[in-house]
1. For segment 185-211, how many residues meet the condition of being in a helix (DSSP H, G or I), polar (S, T, N, Q), surrounded by 15 or more Cβ atoms within 10 Å (Cβ to Cβ) and out of contact with any Asp or Glu (no Cβ under 8 Å at 6 or more places or on another chain)?
2. Looking at segment 212-233, which of its residues are over 19 Å from GLU22 (Cβ atoms) and part of a loop (DSSP other than H, G, I, E, B)?
3. In segment 218-230, what residues are over 22 Å from the mean Cα position of the chain (by Cα) and crowded, with 22+ Cβ neighbours inside 10 Å?
4. Pick out the one residue from ASN302, ASN244, ASN259 that is more than 30 Å from TYR206 (Cα to Cα) and either without any contact (Cβ under 8 Å) to a residue 12 or more places away in the chain or among the polar types (S, T, N, Q) (or both).
5. Which one is nearest to the chain's Cα centre (by Cα), of the residues in segment 29-55 that are part of a helix (DSSP H, G or I) and closer than 18 Å to PHE153 by Cβ?
6. Taking the condition in a helix (DSSP H, G or I), closer than 27 Å to PRO35 by Cα and free of Cβ contacts under 8 Å to residues at least 12 places away in the same chain, does LEU157 pass?
7. Keeping to segment 80-115, report how many residues are over 20 Å from LYS131 (Cβ atoms), touching a helix residue (DSSP H, G or I) at 6+ places or on another chain (Cβ under 7 Å) and at pLDDT 75 or above.
Amino acid sequence: MENPYSLVFGKMPGNYIDRELELNEIIETYLEQEPSIRAYALTGLRGCGKTVALSFVEKYFRKREDFIVISLNRDLDMFEQTLEHLSQKKLLDELKISVSVVGITLEKTQSIESANHKIEQYLECITKKKKRILFTIDEISNTQNIKAFFQSFNIWLRKDYDIVILMAGLKKNILSLQKDDRISFLKRAEKKDLKQLSLNSIMLDYQKNLQLTDREAGDMALFTKGYSYAFQVLGYLCFRTKKNYKEIIDQFDEKMTNNVYDIIWEDMSQKEKEVLQAMFQAKELTTREILRVSQMNKNTYNEYRRILISKDILIDKGYGKIDFTLPRFKEIACRNIELGFWTN
């Protein structure tokens with residue numbers, strides 16, 4: 001039997017645990033005759049499963065005859081990609097669209113304005129054919145390429161073309177784009193912050209694929225804290241080595257550090273790192289104890305506590321208590337800081 005777990009980011013594993021509530025809402029909304037929401041954004045930490053979730057929705061709509069799915073590469077010209085997809089002979093034949101009748105010329109486009117004009121001609125025809133277009137973009141960031149496309153998308157919505165969009169990316173990048181007044185549709189976009197997977201679903205998966213008891217699989221599920229990439233890494237290593245998860249902690253730490261935690265740490269501000277280091281030193285993760293260790297002003301602490309919760313690094317446990325959302329993040333961070341691999 002092949003290893004059912006995958007360490008490849010964005011690849012849908014054979015044992016994919018779906019996010020029924022979040023993704024079904026998107027699917028059901030986009031199936032409405034007049035969607036109440038035309039833009040969704042999947043957000044969350046690196047490794048939380050954004051790309052796989054986006055692929056799941058894409059796969060669903062590709063099977064439907066009333067949808068056209070256009071997956072855009074954020075690093076390439078998005079107008080050119082869109083035009084190339086819409087002008088495919090197979091698609092035009094299926095929709096019975098004659099470019100000569102509607103006045104669309106097929107010469108290579110020389111400018112964004114020219115490409116935009118041709119795209120609008122196609123969108124108008126496709127909307128009349130009662131087809132809806134789903135655009136998808138992974139790992140969005142605040143680049144000129146994406147902003148230019150979003151500004152046109154904003155106009156296309158105002159012209160009542162039947163289009164919807166699903167994006168995936170870090171929350172900070174989406175918030176940065178939302179500040180642009182020329183992209184008003186993004187201000188109304190519904191954000192879906194992908195949190196932990198169901199521990200029960202993880203337990204059942206480990207039971208099935210690793211032939212474990214309820215207790216063994218339950219302990220492994222708790223160890224992952226529901227973090228999507230940790231679920232895959234732990235399962236992958238246990239399946240490959242045939243060992244108990246407690247025997248492969250070092251390998252787990254190495255995979256998590258190299259593939260996720262190094263990047264998460266590097267992406268933090270100096271002050272965020274300082275606050276986290278105070279939390280690492282605290283005997284318990286309570287406001288009182290962390291303030292005692294750090295000698296920090298309470299207002300400053302509360303501000304960075306809120307920031308780290310919004311970044312999904314911490315979770316609020318109530319009554320002044322917090323916890324880390326990522327498995328073994330504290331242990332891995334402390335070791336890397338001590339060795340000088342991670343710095344402020």
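1. Going through segment 185-211, the residues in a helix (DSSP H, G or I) turn out to be 185-187, 199-210.
Filter again for polar (S, T, N, Q), leaving 200-201, 207, 209.
Applying the additional criterion that residues be surrounded by 15 or more Cβ atoms within 10 Å (Cβ to Cβ) yields 201, 207, 209.
Among the residues that remain, those that are also out of contact with any Asp or Glu (no Cβ under 8 Å at 6 or more places or on another chain) are: 201, 209.
Qualifying residue count for the region: 2.
2. LEU212, THR213
3. MET220
4. Details: ASN244 fails: more than 30 Å from TYR206 (Cα to Cα); ASN259 fails: more than 30 Å from TYR206 (Cα to Cα).
Criteria check complete, one pass: ASN302.
5. First, pick out the residues of segment 29-55 that are part of a helix (DSSP H, G or I): 29-31, 50-55.
Still in the running and closer than 18 Å to PHE153 by Cβ: 29-30, 54.
Details: THR29: 19, TYR30: 19, LEU54: 7 Å.
It comes out as LEU54.
6. Working: in a helix (DSSP H, G or I): yes; closer than 27 Å to PRO35 by Cα: yes; free of Cβ contacts under 8 Å to residues at least 12 places away in the same chain: no.
Considered against the rule, which asks whether it is in a helix (DSSP H, G or I), closer than 27 Å to PRO35 by Cα and free of Cβ contacts under 8 Å to residues at least 12 places away in the same chain, LEU157 comes out as no.
7. The total comes to 2.
Yes or no, residue by residue, for (1) small (Gly, Ala, Ser); (2) touching a Gly at 6+ places or on another chain (Cβ under 6 Å); (3) over 17 Å from LEU170 (Cβ atoms):
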{"position": "ARG288", "(1), (2), (3)": "no, no, yes"}
{"position": "LEU291", "(1), (2), (3)": "no, no, yes"}
{"position": "GLU303", "(1), (2), (3)": "no, no, yes"}
{"position": "SER310", "(1), (2), (3)": "yes, no, no"}
{"position": "ILE313", "(1), (2), (3)": "no, no, no"}
{"position": "GLY318", "(1), (2), (3)": "yes, no, yes"}
{"position": "LYS321", "(1), (2), (3)": "no, no, yes"}
{"position": "LEU326", "(1), (2), (3)": "no, no, no"}
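The values are calculated or read from the model by the stated rules, or taken from the named source; none is laboratory data. Values in this document were obtained by computation on a predicted structure and should not be read as measured data. Every residue, glycine among them, receives a Cβ derived from its backbone with ideal geometry; neighbour counts consider all protein chains shown.
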